[in-house]
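Encoded as C-alpha cells, the structure appears first; notes follow it.
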C-alpha cells in the first residue's frame, strides 16, 4: 500500500517499470487482490517459472541483470545475510530471504511449496513451483531439501 500510495500507481505497474522490464522478464507479474480489490503486497505474487529463475539470478548477481545494475548491491548483501537466528532449525532470516546454516545459501520461500533457492558458491539457482495440498508441510519441505542435497551432490 505504501508503494502504491507513494507512486500513485498499482504495485504491479511499478514492479514492471523498475524491475520486470529492466530484468528482461518474459511474462507479467501480478498480485492476488484482497477483498477491497487492493494488491496483497506482502505475499501472493504470481509469475512464470523462468521469470522466478531470473529473480534468483538477479539475487545471485546482487541486483545485476544482463542490462545493468537495477538494484542496490549492498541491499542484496544485507537482505540475504542472516539477521534472525532460529536455533531449533538450520535456517535463519534476512530481509525477505531465508538463510541456510550450511553456508551462504539463501531462499525466497512462499506458501504451497514455492521456492527460489540460491547457492552462490555453486552459482546455482533452483526454482520450485508447487501445488502442495496445504500451505506448509514439514514432510514435503524435507523432501524438497533432500532433492536439493541430491542435486548438489551430482554437480
Extension reserve of the residue 130-residue 104 stretch, reckoned as 0.36 nm per residue once the Cα distance is removed: 6.9 nm
Starting from the Cα of residue 26, move 7 Å in the Cα-to-Cβ direction to define the label point; list residues of the stretch 34-74 whose amide nitrogen is under 19 Å from there. 46-59, 65-67
Length gained when the stretch residue 72-residue 1 is fully extended (0.36 nm per residue, less Cα-Cα span): 23.3 nm
Along principal axes, largest first, the alpha-carbon spread of the chain in whole Å comes out as 46, 37, 29
Can you work out the PRE-style zone for residue 46? Point 7 Å along Cα to Cβ, and I want the residues of the stretch 1-36 with backbone N under 16 Å. 12-13, 27-35
Computed D for the stretch 1-51, Stokes-Einstein, Kirkwood radius over alpha-carbon pairs, 25 °C, 0.890 mPa s, to the nearest µm² per second, is 215
Could you order peptides 22-33, 109-120 by the average number of other Cβ atoms within 10 Å of their residues, highest first? 109-120, 22-33
Which of the three applies to the stretch 17-99, rounded, prolate or oblate, going by the alpha-carbon gyration tensor with a ≥ b ≥ c and a/c under 1.5 meaning rounded? oblate
Calculate, for residue 111 and residue 90, the FRET efficiency according to 1/(1 + (r/R0)^6) with r their C-beta to C-beta distance and R0 25 Å; round to the nearest 0.05. 0.80
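Rule-based calculations on the coordinates, nothing more; no lab input. Predicted model, so just to flag it, every value in this text is computed and none were measured. Quick reminder, even Gly has a Cβ in these numbers, built from the backbone with ideal geometry, and neighbours come from all protein chains shown.
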